[in-house]
Amino acid sequence: MEISSKTNQINWYLDKNYYVKDNKFFTKHDNQHEWGFSIADSLPNIFSFDKQFCIEALTKWACENDLDEVSLHSAWGAKKLKASWSPEMAQDLQVQYGINTAEEQLTTLLVDEIAAEIDAEILRDLRNQITPNNFFGLVKCLGFEATEFIYDPTNFTPRRHFVSTTYNEMVNERQNNPLWQDWIRLREQD
């Protein structure tokens, strides 16, 4: 079967069952929000086409329906996380770096990476509502706060860095930040 014929079949299916509104995918039959990754996972089962081909066809269809690349990223939704671990890796780390609790160290690193990805996802979700005035409040909801301006000695430009806040400060900001509360309500509806 020709590629254009396959693409036409997928486009027909997507046009019949989905539409894009406010940079999100919705089903036409019941107006329910659906994540792009769910649609992409179902297409290979429906058409028996290669998954990568289906993802590319969905991406092209979404762009034709006014989703730019940044909006598509947030409309895509959750990502699958895959990590592998073996006893040999633990032994290598123990020998090379003297780490006795390699699994604990790797678990800590994995947790930090997941937390960073979740923080980035939150900021992507809220990007249209963030103004310079409320940006630092949202960052504080993630457990960080900005330092005072520090001047770069090489070119004398002002820069800010972020440092961790206490857990209580983060919880307090989450309870009192209206953008954060609105985002939580929207996520609970999904």
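If we scan the stretch 119-126, do we find a residue that is modelled with pLDDT of 70 or more, in a loop (DSSP other than H, G, I, E, B) and among the aliphatic types (A, V, I, L, M)? Checked the stretch 119-126: at least one residue is modelled with pLDDT of 70 or more, in a loop (DSSP other than H, G, I, E, B) and among the aliphatic types (A, V, I, L, M). Of everything in the stretch 34-51 that is within 21 Å of the chain's Cα centre (by Cα) and of a type in the set (F, W, Y), the residue that is modelled with the highest pLDDT is W35.
Just one of the listed residues (N11, N31) is assigned to a helix (DSSP H, G or I) and either of a type outside the set (F, W, Y) or modelled with pLDDT of 90 or more (or both), and it is N11. Scanning the stretch 130-147 for residues that are part of a loop (DSSP other than H, G, I, E, B) and either touching an Asp or Glu at 6+ places or on another chain (Cβ under 8 Å) or at pLDDT 80 or above (or both), we see that the one that is nearest to S74 (Cα to Cα) is L142.
The values are calculated or read from the model by the stated rules, or taken from the named source; none is laboratory data. Since this is a predicted model, take the numbers as computed values, not measurements. When we count neighbours, we look across all protein chains shown, and the Cβ atoms used for this are built from the backbone with ideal geometry, even at glycine.
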